[in-house]
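A short write-up of the structure that comes next.
The values are calculated or read from the model by the stated rules, or taken from the named source; none is laboratory data. Here the structure is a predicted model, which means the values were calculated and not measured. As a convention, Cβ positions derive from the backbone with ideal geometry for all residues, glycine included, and neighbour counts pool all protein chains shown. For the accessible areas, the whole protein counts, side chains as well, though only heavy atoms, and no ligand, DNA or RNA atoms are used. Shrake-Rupley method; radii C 1.70, N 1.55, O 1.52, S 1.80 Å.
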Amino acid sequence: MITDIIQEKLDLASELGFHNTFNSNTGNPVTWVQDHTERGGSDVVIEAAGVPTTFKQSILMARKNGRITI
């Protein structure tokens with residue numbers, strides 16, 4: 001699964017095989033990730049934007065004992 005604010009990047013991700021993509025401009029990415037995972041969060045979260053908002057979101061997206069890469 002992948003989230004972004006640029007639809008073109010999400011379209012490319014879909015073409016490359018990502019089945020779950022979410023445009024963060026359309027809603028809350030944390031809620032979306034929690035709703036689409038069995039344990040209420042991702043096993044691994046990669047935070048690549050480097051802004052305080054997405055850093056906080058990455059913490060909330062990871063499941064308990066999950067891993068976050070910054």
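Averaged per residue, what accessible surface does the chain expose to a 1.4 Å probe, in Å²?
72 Å²
Could you check how much of the accessible area of the chain is carbon and sulfur, as a whole percent, using a 1.4 Å probe?
Looking at the chain in its full context, I get 53 percent from C and S.
Between Leu12 and His36, what FRET efficiency follows from the Cβ-Cβ distance if R0 is 22 Å, with the result rounded to 0.05?
0.65
For the chain, take the convex hull of the Cα atoms, compute a quarter of its surface area, and give me that in nm², please.
Taking the Cα atoms of the chain, their convex hull projects to 4.5 nm² on average.
Quick one: how many Å² of His36 are accessible to a 1.4 Å probe, rounded to 10?
The value for His36 is about 90 Å².
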